[in-house]
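Asks: Below is a structure I'd like to ask you about.
The values are calculated or read from the model by the stated rules, or taken from the named source; none is laboratory data. Computed from a predicted model, the values in this text were never measured in an experiment. All Cβ positions, even for glycine, are placed from backbone atoms using ideal geometry, and neighbour counts span all protein chains on display. Ligands, DNA and RNA are excluded from the accessible area calculation, which covers all protein heavy atoms including side chains. Shrake-Rupley method; radii C 1.70, N 1.55, O 1.52, S 1.80 Å.
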Amino acid sequence: FDSSTTWSHAIINPDGSRDAHYDMVKAVNATVLSLGAQLLNAESTGVYQLGTLPPHGTAAPADAPVTTTDKADLTVGLFKTTDGHTLALIANRDYKNVASFTLHLPDAKLEIFDQPSNSWRPYTNREFHLPAAAAYLLRW
């Protein structure tokens with residue numbers, strides 16, 4: 001036990017009990033683990049922002065494969081897998097509000113990664129309601 005520092009806001013209290021943040025961190029870790037497994041062997045091919053461009057942000061290039069005309073503030077990360085798929089990690093930069101938007105994507109068989117089941121499922125809709133500070137992983 002290190003008594004030289006007073007720790008606060010740890011996910012485990014000094015008595016060993018879990019604090020209110022424990023389950024939040026547990027959920028984030030599960031999400032990162034499942035997304036990370038999908039991205040581990042993929043090569044990053046680009047990243048850009050849609051909506052309001054943040055300081056030092058990168059606007060979508062003219063040939064961007066993922067765009068929207070809606071006002072959602074999103075970050076798009078693009079990846080190429082060893083089996084030839086393109087992955088797009090779409091993150092909501094608003095940590096307080098749901099982002100509702102329609103994506104313009106290549107005309108291809110679109111799939112969305114379902115984190116709870118750790119599997120891909122077909123996704124024919126191009127409309128999204130992305131929770132605050134959350135991300136979706138798409139594949140085509």
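Asks: Would you point out which residue out of 54, 65 is assigned to a loop (DSSP other than H, G, I, E, B) and touching a Lys or Arg at 6+ places or on another chain (Cβ under 9 Å)? Can you show your working first?
Replies: Values: 65 fails: touching a Lys or Arg at 6+ places or on another chain (Cβ under 9 Å).
That would be 54, the only listed residue that is assigned to a loop (DSSP other than H, G, I, E, B) and touching a Lys or Arg at 6+ places or on another chain (Cβ under 9 Å).
Asks: Moving on to the next point. Please go through the stretch 123-140 and pick out each residue that is in a strand (DSSP E or B) and surrounded by 14 or more Cβ atoms within 10 Å (Cβ to Cβ).
Replies: Applying the first criterion (in a strand (DSSP E or B)) to the stretch 123-140 yields 127-130, 135-139.
Across the stretch 123-140, the qualifying residues are 128, 130, 135, 136, 137, 138, 139.
Asks: Condition first: open to solvent by 50 Å² or more (accessible area, probe 1.4 Å), farther than 25 Å from residue 57 by Cβ and among the charged types (D, E, K, R). Now tell me which residues in the stretch 76-120 satisfy that.
Replies: Those that are open to solvent by 50 Å² or more (accessible area, probe 1.4 Å), farther than 25 Å from residue 57 by Cβ and among the charged types (D, E, K, R): 83, 107, 109.
Asks: To continue, here is another question. Please specify each residue of the stretch 1-25 satisfying the condition of being of a type in the set (A, V, I, L, M, F, W, C) and part of a helix (DSSP H, G or I).
Replies: Taking the stretch 1-25 as the starting set, the residues that turn out to be of a type in the set (A, V, I, L, M, F, W, C) are 1, 7, 10-12, 20, 24-25.
Answer for the stretch 1-25, where residues must be of a type in the set (A, V, I, L, M, F, W, C) and part of a helix (DSSP H, G or I): 24, 25.
Asks: Just to check your reading of the model, which residue among 47, 28, 32 is in a strand (DSSP E or B) and aliphatic (A, V, I, L, M)?
Replies: Details: 28 fails: in a strand (DSSP E or B); 32 fails: in a strand (DSSP E or B).
Exactly one of 47, 28, 32 is in a strand (DSSP E or B) and aliphatic (A, V, I, L, M), namely 47.
Asks: Please go through (1) free of Cβ contacts under 8 Å to residues at least 24 places away in the same chain; (2) among the acidic types (Asp, Glu); (3) open to solvent by less than 60 Å² (accessible area, probe 1.4 Å) for residue 73 and return the number of the only condition it doesn't satisfy.
Replies: Of (1) free of Cβ contacts under 8 Å to residues at least 24 places away in the same chain; (2) among the acidic types (Asp, Glu); (3) open to solvent by less than 60 Å² (accessible area, probe 1.4 Å), only one is false for residue 73: (1).
Asks: Among the residues that make up the stretch 74-81, is at least one of them part of a loop (DSSP other than H, G, I, E, B) and either among the hydrophobic types (A, V, I, L, M, F, W, C) or farther than 25 Å from residue 28 by Cα (or both)? So that I can check it myself, show each step before the final result.
Replies: From the stretch 74-81, those part of a loop (DSSP other than H, G, I, E, B) are 81; that's our starting set.
Those still in the list that are either among the hydrophobic types (A, V, I, L, M, F, W, C) or farther than 25 Å from residue 28 by Cα (or both) too: none.
Within the stretch 74-81 (the criterion being part of a loop (DSSP other than H, G, I, E, B) and either among the hydrophobic types (A, V, I, L, M, F, W, C) or farther than 25 Å from residue 28 by Cα (or both)), the answer is no, since none of the residues qualifies.
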